[in-house]
1. Skipping prolines and chain starts, which residues have an amide H placed within reach, meaning under 5 Å, of the one on D113, given they are 5 or more residues away or on another chain?
2. Non-local amide H neighbours of R189 (under 5 Å, H modeled in plane, Pro and chain starts lacking H): which ones?
3. Between K149 and H78, what's the calculated FRET efficiency when r is the beta-carbon distance and R0 is 41 Å? Round to 0.05.
4. Which net charge results for the neighbourhood of D29, defined as the other residues with beta-carbon distances under 14 angstrom from its beta-carbon, given Lys and Arg at +1 and Asp and Glu at -1?
Amino acid sequence: MAKHQIMTILLFVCLSLCFEVAQSKLKKDGDPCIYSDDCESRCCDRDSPKGSGKCVLRSSPGVRCYGPNYGDPCFHSHQCNSGCCNHGTSVYKAFCVPKHDKTRKCLGPDNGDYCALNTLCKSGCCRGPLYDRSYKSGICNPKAAENEKCNLEPIGELYYYCPCESGLVCEKDTSRNTTNQIINDPNRRICKKPITANN
C-alpha cells in the first residue's frame, strides 16, 4: 500500500513539474509568435500567412487570433483542431471549421487543396484562377508535364500555370495551330525537354 502511495505522489510531482515547464515556455503579450498555442493569452494576432505575429489579449480591438478552435481565423488547416481551415470568400477571411466530408474545401498542401502561397503546396504550385487577377487564394496543382502550359514566374504569390516538372524547361510555344500557322502569342509557354548539343 505504501509503494502505491509513493508512486502516486511521484507521478503527481512529475506532472506538476511538466506543467510548470510547459507554462514557462509560453510567450508573454507582445512576444513574437506563430500559433495561438504559443502564447499565455492563447492568442497570436496575425494579418498575413507569411511571417510571425505577436501575442495579445483576445479582448484587444481588431484582433485575429490564429487558430486552433472552431471559428478562429486561420491560414493553414494543420493549425485548426478540426484539421480544416476554410477560406470562404478569401484566404484572409478563413476560419477553422469542422471537417465534414470531401465537399468542404480546406487550405492544405495536397493537390486539390486550397492554398494562399506556392510554398504551402507540396508541389510548390498554388494556381489561381485565370479570369480573376484580384484572387486571394488558389488550388494546389501538380507541376506541368511535357507540352502543358507553364509560367516562368508566379503572378504575385500564385501561378496562372504551374512551373515545369523536373527535367523540363518552360519555353516559348512555337507549335502550329490547325491552319498550320505558328501560334503568335509571346506570353504562351509550354514545358519542353531541353535541347542539348552533342559534342
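Read the figures in this text as sums done on the coordinates, not as results from a lab. On a predicted model such as this, the values are computed, not experimentally measured, just so you know. Because the Cβ atoms are built from the backbone with ideal geometry, glycine has one as well, and the counts that use them run over all protein chains shown.
1. For D113, the qualifying residues are C140.
2. C150, D173
3. Numbers: r = 31 Å, r/R0 = 0.75.
Given R0 = 41 Å and the Cβ-Cβ separation, E is 0.85.
4. Working: positive: K27, K28, R42, K54, R58; negative: D31, D38, E40, D45.
Charge balance in the 14 Å sphere: +1.
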